[in-house]
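Read the structure below first, then the notes.
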Amino acid sequence: MKNGPRLLRSRSVFPVPVLNDPCPTLPRPHPADIPGPVLAHLFDSARLFHHIRGLCNGNYYRPVEDLLDIRPGDRILDVGCGTGEGSVMAIPGVEYVGIDTDPGYIEYATRLYGRPGVTFQHADIHQVQGKFTKAVVMCTLHHLSDGEVRDLGARLRELVSGDVAVADPDPVASRPLQRFILSRDRGKYVRPIPEDLRLLEGSYRCRSVLTKNLPRLRLAKLTYSLCEPRA
């Protein structure tokens with residue numbers, strides 16, 4: 001065609017070029033040119049989210065097992081469990097309950113990891129019933145407003161008798177690629193870690209314990225904090 005490739009309409013994010021030249025040279029988009037909504041919608045698919053995160057990050061729940069000193073007899077609540085990777089904490093004798101407000105993630109997690117002692121619920125924190133010995137809030141706080149974080153802390157204090165482990169991306173310690181991704185993340189409340197922890201102070205005494213590279217490609221860092229309940 002004289003005027004270059006024509007474009008077919010498709011359901012994909014980007015138009016599909018129809019080319020006469022079998023070996024064309026197409027411009028490669030710079031990451032900064034990719035709009036935020038495109039990156040956000042990539043994770044609307046639970047399956048895609050699970051595999052991309054697993055490929056890039058591995059399972060970053062592993063440090064929580066030591067941080068919370070999980071033992072047989074514990075009942076663990078995982079707030080914002082996503083696609084269920086936190087069920088790795090369900091060692092023999094431990095009951096794990098994961099909650100998330102995305103029904104597609106919960107369906108996928110149940111199909112992938114559901115088993116005796118491991119359950120997933122489509123629920124927010126105010127719908128959860130029962131008592132727990134420990135809890136995890138993994139990569140969730142940057143999706144919550146200041147008031148929602150305070151409410152979460154208060155509700156966890158009602159449900160959980162022991163410590164809570166909190167982990168979130170650290171915008172101060174993060175690598176350039178991670179800062180780029182965070183700027184386009186679905187979570188609109190990315191804060192420095194000390195600000196997150198201050199929001200929980202009404203219910204917990206929190207301290208950052210560990211900032212580390214995620215295990216696979218080392219493209220991102222997470223800060224893990226331990227929150228002990230106030231009397």
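So here's what we get for this one:
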quantity: Qualifying positions in region 114-141 - at pLDDT below 95 and more than 28 Å from Tyr189 (Cβ to Cβ); calculated: none
quantity: Hits in region 91-137 - residues which are in contact with a Phe, Trp or Tyr (Cβ under 6 Å, 6 or more places away or on another chain), surrounded by 22 or more Cβ atoms within 10 Å (Cβ to Cβ) and more than 19 Å from Leu159 (Cα to Cα); calculated: Ile106, Ala109
quantity: Close pairs (6 angstrom Cβ cut-off, 6 or more residues apart or separate chains): aromatic (Phe, Trp, Tyr) in region 58-87, modelled with pLDDT under 95 and surrounded by fewer than 24 Cβ atoms within 10 Å (Cβ to Cβ) anywhere; calculated: Tyr60/Leu214; Tyr60/Leu222; Tyr61/Glu85; Tyr61/Val88
quantity: Hits in region 70-86 - residues which are crowded, with 24+ Cβ neighbours inside 10 Å and more than 17 Å from Lys131 (Cα to Cα); calculated: Cys81, Thr83, Gly84, Gly86
quantity: Scope region 68-85; condition over 15 Å from the mean Cα position of the chain (by Cα) and either of a type in the set (S, T, N, Q) or assigned to a loop (DSSP other than H, G, I, E, B) (or both); matching residues; calculated: Leu68, Asp69, Ile70, Arg71, Pro72, Gly73, Asp74
quantity: Gln121 vs. criteria farther than 30 Å from Pro192 by Cβ, in a strand (DSSP E or B) and either out of contact with any Pro (no Cβ under 8 Å at 6 or more places or on another chain) or aliphatic (A, V, I, L, M) (or both); calculated: yes
quantity: Condition check for Val88: closer than 26 Å to Asp170 by Cα, assigned to a helix (DSSP H, G or I) and aliphatic (A, V, I, L, M); calculated: yes
quantity: Region 187-212 - residue that is among the hydroxyl-bearing types (Ser, Thr, Tyr) and under 17 Å from Arg155 (Cβ atoms) and, of those, surrounded by the most Cβ atoms within 10 Å (Cβ to Cβ); calculated: Tyr204
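The values are calculated or read from the model by the stated rules, or taken from the named source; none is laboratory data. None of the values given here were measured: they were computed from a predicted structure. Cβ coordinates were reconstructed from backbone atoms using ideal geometry, including for glycine residues, and neighbour counts include every protein chain displayed.
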